[in-house]
Structure formats: structure tokens, C-alpha cells
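A short write-up of the structure that comes next.
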Amino acid sequence: MNDNQTAAIAPPTAAEAPAQSPDRAKPAAESVPAAAPRRHGPAGRFLRDPIAVAAAAVLLLVIATGVCAGLLTEHGPNKAALDAVLADPSGTHPLGGDGSGRDVLSRLLYGSRTSLFAGAIATGVALLIGVPTGLAAGYVGGWWDALSSWVANLFLALPGVVVLLALVAVRGPGLVGSMVVLGVLTAAPVFRLVRGEVKRVRGEPYVDAARVAGLSDPRIMGRHILRVVRVPIITQASLIFGLALIIESGIAFLGLGEADRASWGAMLNDASVHVYDNAMLSVWPGAAITLTVLAVTLLGAGLRDAFEDAPKPPAATRRRRVRGPAREPAVRVDTGALLVVDGLEVAYPAPGGEAAVVDAVSLRVDRGEILGLVGESGCGKTQTALAVLRLLPVGGEIRSGRVMFDGRDLAALSERDVNALRGRRIGYIPQDPMSNLDPSFRIGSQLVEPLRAHLGLSRDAARRRALELLDRVGIADPARVFAAYPHQVSGGMAQRVLIAGAVAAEPDLLIADEPTTALDVTVQAEILDLLRSLRREHGMGMILVTHDLGVVADICDRVAVMYAGEIVETATSADLFARPAHPYSAALLAAIPDGAGARSRLPTIPDRVPSVHDRPSGCRFAPRCAYAAPGCAVHPEPTTHRDGAVRCVRVENEVIVWNR
Amino acid sequence: MEPVNATAAADPAQPLLTIDKLVVEYRTGGRRRPPLRVLHEVSLEVHAHETLGLVGESGSGKTTLGRAVLGLAPVAGGTITFAGTRIDGLGRRARRGPSRDIQVVFQDPYGSLNPSMTIGDILTEPLTARHTHTRRAARERIGELLDAVGLPADTAARSARELSGGQRQRVAIARALAPGPRLIICDEPVSALDLSTRAQVINLLVELQQATGVAYLFIAHDLSVVGHVSDRVAVMSRGEIVECADATRVTTDPEHPYTRNLLLAAPVPDPARQAQRRAARHRLAAQGSPAG
Ligand SMILES: Nc1ncnc2c1ncn2[C@@H]1O[C@H](COP(=O)(O)OP(=O)(O)OP(=O)(O)O)[C@@H](O)[C@H]1O
Ligand code: SF4
Ligand SMILES: [Mg+2]
């Protein structure tokens, strides 16, 4: 059972049997992106991180010295010898003796035992209490959540170290006791962290899917939820471990520790008395504490990175200036058109060179005109839109081409100037509504702030305008949505909120990436009516990226069809639907269920869009094209066709003549 | 492809799934506030081997209905009967029995697969969850499943993050097929996919039904897609079924004004015809809002 498709398009009059290129012979099982980076497991990733490995080595060394202390020195840590008081390093006492005549090396070695023991107890207790309670509170919710959150908040409100010191002072010294108390105190932040993460993942569809699959709750927690929370837990645990180490030393330094237990803190205490006699006494325990805490923290960070398999975006700035030769300062040239994109190329660094995700794209949008941008997923529609907006993600760069907006080249403007245009004169409706709303702010404030910034409205006026807009995008209860947080509204609502935000400043140009895909047809119809009226009232021009050819037919004046980073056809809407010129356009149109022959096989395009790295050198559509012929091995250039252009050798040479 | 579970040799006259006067309520916030009623005495039947389409606006309760059947929504009244057995109000543990027969494909191909697991792990889960397969048998079955949904066998080693939307949705379908269900709830399975991928996935669902005889409750807001795959179509508005009839009937000549409005609101890929429909819709709206 594979997806071998039938040819998608009506036969051409100049009938030639579609050439059978070798690629078409293989079953259209989906090819998986070839350029997928090699994956390493967490262990592999860990081992490739030199800092983490070094930290682990240091920690192992500390553990080893603690465990083997008895073998490494013949002196007991508390055995005092009169002749060793403040002794200099010698054969019997490699690091000398302390103020009471005890061997410094021995105390250092045995001290690591105490430190590690303290850290282990505190961390263990904190995790043992915090993780299960947090999991339960986040997953089960209800009264358990309410009660445990209340208790956790109580603990968080306590000044931890003060409480601890008070307890130690009153109850007398006791390493285990004080570390258990520390563990209990630090369990509260662990609880909070785990609970929050669990609440977040719990609503994910994959958790629902696991429940439907019949997994028991403990297994869901173990397999799906723990996986997500383990990363923050690791970080938190390393911090607690380090904290415990420092606090243990602190207590011992204050002389509140157990007298007969060797401890780095107690060594510091002794050293502080003899700081003028022998300064080295404080160096050893000081270095041990610093090094161990550092190693634990770095190890935690390394483990976190190793388990966090998502590639993290580098911390560099999100948006980059265009590279390349300095351009002349943007000059205003009146081209008549609102937006003219000319030879736009967008590239990302890729292993073994560069990947041009958008290639030689030229577009034009007039005032009051709506241009549809269609094509399969991954063809570069969003990247084109983002490049025009100068919002390309990290790594993405405009390599060449001009983006003339109202006579100014957006590609050459400074970040500041582009910023001033965005939101005010150029509106943007992003493809993914949820990730474009900040979860920590109310929707109202996210709408009001830009209105105040861009239009200089007062708080009240901005609020009124925002409510009015929410009403216009078909939200039944604007006041409720205004006061809500993003997670409290549905995806469709969020989409409408973003539409309201984008048109709030009545921009001259609106770039809308799938603005209605998440909406019902009835709401979609209202939104399209709204966009139509904005175009009529303000002469707004618009690029509408969509998969829905019905939407294109409804609202677009002209259409650009994109394939594998290029525009393969531009045409008026009327022409495109009545007489698509490019085989790709025709195949797309054919894939729509049209009511005829329910359950019949829909014509599909075999295989999928080639990845950036294995685009054919000739016509990029050739491997999937039902009309491919040997002549298609040359890369076609766009040629004028009716009121637009088409990029196909065989249309150009009038080999393919459509009879529709 | 493994045939559907042959438990409880079904009486052909008896529907596979019967939903009778189903009421679903959500508690919202405070205890004193009355619960929010999302489904008002909904009744529906899905027969073995058939596809029942379910359309309606968002918030009309389509997804809730699907979730109630899956045991993921709180049932406050009415009954859900699957193959002669009541399945509403079963505890989690008791549900794990029949749940093998009812599976789901969600809309969001990005959220419905755990990004930190490999496809192989994701597909192993439903196979080993009820100890029906050993690990070895599960591995073999995964090969079959991937093949059935048109993915290369090496997909098992990849993570969901490396796949396209269409590929992910194929994986989600494979996961639903894994236990050999008799009913799959498809909640907007193709809404997030582009045109050509959508056509491929629709073809895949239709083919799989022909091969295995599985029944679908196919939830979507796109009437043309629903019309294409369904035998019958139910139309839902504000938690009630307003119309349920033969698919061609509903998608060409609907009875209820709500459905008529829904049909007119869906744009058709033909500028001239679409302009006429838009005018018709505006006229209908001017005459007073249809269906309340
Ligand atoms: N941050 C990035 N780094 C490298 N390549 C990227 C990045 N973002 C997108 N791409 C690549 O750019 C190409 C075009 O992607 P784009 O998102 O523009 O497609 P699209 O046409 O908008 O698809 P869809 O219809 O799914 O939204 C794809 O091959 C994609 O893999
Ligand atoms: S140039 Fe490309 S699109 Fe045109 S016929 Fe040849 S392969 Fe098909
Ligand atoms: Mg996109």
C-alpha cells in the first residue's frame, strides 16, 4: 500500500506520453529529509561536551578521594599530634598540620566525604519530596494540588537559611538532621518547578494520545512527563547540591557542625584563627569547596544540554542585518507599486555550504491589491514573507535582491527603521498564533501596548479601540477575551486576536501567513469580509499566504505559485483557476475534493517537495511532473504568459497547451 | 494489514457505536457556578465499516463528542455503547479494555507526537501497553504499520521533530492502527496539512478503511473533505445535532439553515462561482442571522 499516484492533470492537446523519469518509477513512499543531522543519544552528546566531561572528572576525583581517604593517608582526620601543630609540609604531613596538630591532607580527604554526604542528603530529600508531590499536583490536580501548593508556598515564604541556622543552633549540631531540613526547605521550589512543567505537558495532545493508547497513569508519567521535567530537575538538583555543600561548610565554619567530623568548613574555621601564622590553611579547603561547587554546577548544565535534545537557538540576536556590500542609503523612488520584491534570495548556513530556501523571487503588490501566495508546505512561502518583514530567524539572511516598500528598500534599512515600519505601516499575521502571543501577559495588554506605541493613543482610547477590533474579528465576548491570558482561549480565538492586532494600526501593507487556517468557515468568511473592507476603505495591499485555494478564489486578485523556493507561475485569479499554465499549478488544483465521486481517489502529486539540498538542477518540479521530458533538464526561466509569467520550458515552447 | 479485532461477533443490524442523549458538562472555576453544558442530549450512531462525518463550527462540541467517546471528557448524562457494551463512566482501568478498539488521530501533527521520542518508541507504546506484543513482535508490527501508511522502514529510528507535517500525520495514523481498532476517531486529521498532502492522507484513510474495515468518526470543519470521505454526515451546532443524513444530501442540498450557511461560507476554488456564493451569503445574512 503506497501512494503511487495517478497523473493529476487533464491531458494536454499536444499529447505526448508523459516521460517516465527514473524517480517516478519508485513508489512514492515519503522520502525523509536527507539532510537530517546525525542524532546522538544523551550520552553521546554529553561526551562531546568538554566542559561537562571535565566537571564530571573533577567530581569523580572528589568522590574517589572521599571513598578512598583511608588508603590515601595513614593519619586519622581527628588525630592530633603535638609536633604537627602548624607544621610545614613534610614527608609525614604532605600538606602540613593545622592549629590543633591534625593532618591537613587527611582532613581535606575525609572532608570531601562530609561535603558529598551533605549534598547527597539534601538533594535526595528535596527530590524525594518535591518530585512526586509536584508530579501528583500537576497531573491529578484537584484538592491535592490546592493543598500541596499551599504548603509549598508557605515553605517558600520562609527565610530558609535563617530557619536552618536557628534550628541548628537550638537543636544542636547534627549533619544529617540539618541537611534533611535543608532538603525539606528546598523541596518547595522543586515542587513548584515540577508541578508547573507537568501542568504544561499534561494538556499536550501526545499525552492524550498515550491515554487513548491505554497507557496507565504511572507509565504516562514515567514515559512522557518525566522525560520533559527531567531537564529542569537536573538543573535544580545540581543547584541544591552546591547549596548544600556551601551551607554545610558554613555551619561548620560557624562552629555549629559536629565536632568530630572532618569538614572543609571546620578547616576554614581553624584556618581563620591562624590566618596570620599559616595562610595556606585556608587555601586548601577554600579551593576544594570552590572547585566542587563549580564542578557540580557545570555538570548539571552539561547534563541538561545532553538531555535537552532540541537544538537550542544561539543566544545571538534574533534578527540580523543584511550582509553584503553596503548599499546606498535608501532613496525614495516612486515606482507606483506598494511593494516590489526583486530577485530575492534567502539562505541559511547548512552543512556543506548554504541552503537557498528562497531563490530569485520577484513579486509585486499594488495599493489595494491582494496577492495570493500558494504552494505546498516547505516551498518557501513563510520564508518569503519573513524576509519581506525582515524577521528571518537566526541564521537566515537576505543574500541578494531588493524589497522596495513604498519606494524604500526594506532589505537595506537599519533595524530601527524597519522596526518603525513594522506594526505601523506593515502589519503581520503570523502562521502560528499561539507561539506569537506571550503566555505571561493578558491579551488586552498585548493589543493595547502596540496601539499606544504606534498610534500614540491614550490608555483608555487604546482599550476602546482594542475591544472594538476584537468585536470586528468576530469575537463574541470581547471583554472576556481582553482580560484573558493566551492559554485561556482557543487557537481560533488566538488567531483572531492576532488579526485584530495586525490591522489595528490600519497598515498600508498586510502580510498574512495562513490567517484563517485555524478558523471555521463561517468565521473565515467574516475575516475575509473584514480584510476586503480594509482594502476598500484604506487601499490596503496584502500578501496572503494560504493553502486554501477557495480563499484565493474568494479574495485574491492575483496569485503567485511557489515551488521549491521559486515562483513558478503568476497569474490573475481568474486565469489561474480557469487555465492554470504550469503543470504544478494544475496538479494543485486537481487535488481539491470537488464533490464528484465521493471516496474516489483524489489525484495527488507523487512524492514530495525536494529538500533544499537535493533539488534537481533542471526544472525543480521535473521528478514529480507528469509532463516532464528530456528538455526539462535545463532550468527554466520565467517567461511572460498572459497577464503573468510562468517558469516551464514546455509551456514556453507551447508544447503543453491547455484545453480548459 | 491485520484485520480488525474480531471480538464480540457483531450483529450487523446493531450499530458499532451508539451515543444516546449524551450530556457533557465542564466545571468552570468556582463550585457555586453552574457547570458549563457543552453537549445537550446528543444522539448518534456509527455502524461498522462506515464513516460518519461530523461538521460544525469550532466550539460547537465536535471535539468534545469525540473525546467523550474516548473517555477523555466528563459525561454528565446519557449513554455511550460500543459493540453492545456501555463504555461511558468506566474508570480509567476498566476503560483500558475497550480502548483498544477505539483509537484516535488528532488534528495537530506537531503536538500529538512526543518530540523527545523516536517514531519507533511512539509506535511501540500502544503495542506493548496491554502486553499484547513482545518487544520483538512489536518491532515487526511497526514495520508493517509504517509500510501501511507509506513511510520507509527507517522512519522508526527518527524523532518526530525530523518529519514533515504529512509524515507526522501518517505516524499518528499508524499509531491509531497499531492495536487493530474497530473505530478511529479522526479529529480534524487533515486540517493542518497542505493541499497535496491532504489529498494523500485522505486517500490513505480511505484505502485503510477498505483494507481493514475500520469505522471512522470523521470530525472536520471542511464540508468538502467530510463530504468526500463520509457515508453519512452529522451537523452539530451549539452542542446539538441539527441534521444527520446521507453525505451527498448534506453537502449539496442541506435542510437546516445552519448547514446551508455553513455550506455557503466554505469558499470554492472558482472565482466567479465564489463571488456568487459570497453574494448569496451576504443576502442570507441581511435577511437576519440564520440558525440563531
Ligand atoms: N530556521 C531555518 N533554518 C533553516 N532552514 C529553514 C528555517 N526555517 C525554514 N527553513 C526551510 O525553508 C524552507 C521553506 O520553509 P517555509 O517555512 O518558508 O515554507 P512554507 O512554504 O511557508 O511552508 P508551510 O506551508 O508549511 O508553512 C523549508 O525547506 C524549510 O525547511
Ligand atoms: S519544465 Fe518542469 S514543469 Fe514544465 S513540463 Fe518540464 S518538468 Fe514539467
Ligand atoms: Mg508557512
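The values are calculated or read from the model by the stated rules, or taken from the named source; none is laboratory data. From a predicted model like this one, the values you see are computed outputs, not experimental measurements. In this analysis, Cβ positions are derived from the backbone assuming ideal geometry, glycine residues included, and neighbour counts consider all displayed protein chains. Only protein heavy atoms, including side chains, enter the accessible area calculation; ligands, DNA and RNA are left aside. Shrake-Rupley method; radii C 1.70, N 1.55, O 1.52, S 1.80 Å.
Brief remarks follow.
- Once the 1.4 Å probe is applied to the protein heavy atoms, chain A comes out at 44 Å² accessible per residue.
- Within chain A, helices built from complete DSSP H runs that reach 24 Å or longer along their own axis (Cα positions) and carry a mean Kyte-Doolittle hydropathy of -0.5 or higher are A:50-67, A:104-140, A:175-202, A:226-253, A:280-307, A:521-538.
- For chain A, relative contact order (Cα pairs under 8 Å, six or more residues apart, normalised by length) works out to 15 percent.
- MRE, 222 nm, helices only [DSSP H, n ≥ 4, -39500 (n - 2.57), over chain A, to nearest 500]: -14500 deg cm²/dmol
- Approximating the spin labels as points 7 Å out from Cα along Cα→Cβ, the B:Ala13-to-A:Leu60 distance works out to 7.5 nm.
- Summary value for chain B: 23 percent relative contact order, contacts being C-alpha pairs under 8 angstrom separated by 6+ residues.
- Taking a point 7 Å from the Cα of B:Ala272 along the Cα-to-Cβ direction, the residues of segment A:543-580 with backbone N closer than 20 Å to it are A:549-559, A:571-580.
- Mean separation of Cα pairs under 8 Å and 6 or more residues apart, divided by the residue count, gives segment B:117-178 a relative contact order of 46 percent.
- Buried on assembly, segment A:531-559 (at least 50 Å² less accessible surface than by itself, 1.4 Å probe): A:His547, A:Ala553, A:Asp554
- Highest-MSF residue in chain B out of B:Ser58, B:Ser191, B:Ser116 [GNM, Cα springs under 10 Å]: B:Ser116
- Range of Cα positions in chain A per principal axis (Å), largest first: 109, 61, 61
- For the pair A:Val170 and A:Ser362, the difference between a 0.36 nm per residue extended length and the Cα-Cα distance amounts to 61.3 nm.
- A Förster radius of 60 Å combined with the Cβ-Cβ distance from B:Ala137 to B:Thr248 puts the calculated FRET efficiency at roughly 0.90.
- Nonlocal amide H pairs with B:Glu243, under 5 Å, H built at 1.01 Å: B:Val235
- Rounded to 5, the percent of DSSP beta bridges in segment A:337-556 classed as antiparallel: 55
- Estimated distance in nm for a label pair at A:Ser440 and A:His274, the labels positioned 7 Å out from Cα along Cα-to-Cβ: 5.0
- Going from the chain on its own to the full set of protein chains, segment B:188-233 has these residues losing 40 Å² or more of accessible surface (heavy atoms, 1.4 Å probe, no ligands, DNA or RNA): B:Asp194, B:Leu195, B:Ser196, B:Ala199, B:Gln200, B:Asn203, B:Glu207, B:His221, B:His228.
- Per the Kirkwood formula applied to alpha carbons, segment A:205-264 shows a radius of gyration over Rh ratio, Rg over Rh, of 1.39.
- Surface share of carbon and sulfur [accessible, 1.4 angstrom probe, percent] for segment A:337-556: 50
- Take the Cα of B:Arg238, step 7 Å toward its Cβ, do the same at A:Leu47, and the gap between the two points is 6.5 nm.
- The Cα-based radius of gyration and maximum Cα-Cα distance (Dmax) for segment A:409-552 are 14.6, 43 Å.
- Exposure here means at most 14 other Cβ atoms within 10 Å; with chymotrypsin sites (Phe, Trp or Tyr not before Pro) in a DSSP loop as sites, the longest stretch of chain A lacking them is A:1-275.
- Protection proxy ranking of A:99-105, B:65-71, A:632-638, by the mean of other Cβ atoms within 10 Å over each peptide's residues and highest first, is B:65-71, A:99-105, A:632-638.
- Rolling a 1.4 Å probe over the protein heavy atoms gives segment B:117-178 an accessible area of 33 Å² per residue.
- Carbon plus sulfur fraction of accessible area for segment B:117-178, probe 1.4 Å, in percent: 50
- Counted over chain A, the DSSP beta bridges are approximately 65% antiparallel.
- When +1 charges are put on Lys and Arg Cβ atoms and -1 charges on Asp and Glu Cβ atoms, the dipole computed for segment B:117-178 relative to its Cα centre reaches about 140 debye.
- Under the Karplus curve 6.51 cos²θ - 1.76 cosθ + 1.60, θ = phi - 60°, whole-Hz ³J(HN,Hα) for segment B:219-236, x wherever Gly or Pro sits: 9, 7, 9, 8, 4, 5, 5, 4, x, 5, 9, 9, 7, 10, 10, 9, 10, 10
- Using Cβ point charges alone (K and R +1, D and E -1), the dipole size of segment A:337-556 about the Cα centre works out to roughly 760 debye.
- With the largest listed first and rounded to whole Å, the semi-axes of the equivalent ellipsoid of segment A:152-249 from the Cα gyration tensor are 36, 12, 11.
- Each stretch of four or more DSSP H residues adds -39500 (n - 2.57); spread over every residue of chain B, this sum gives -10500 deg cm²/dmol at 222 nm.
- Accessible area that becomes buried as B packs against A, both chains, 1.4 Å probe, Å², nearest 100: 6300
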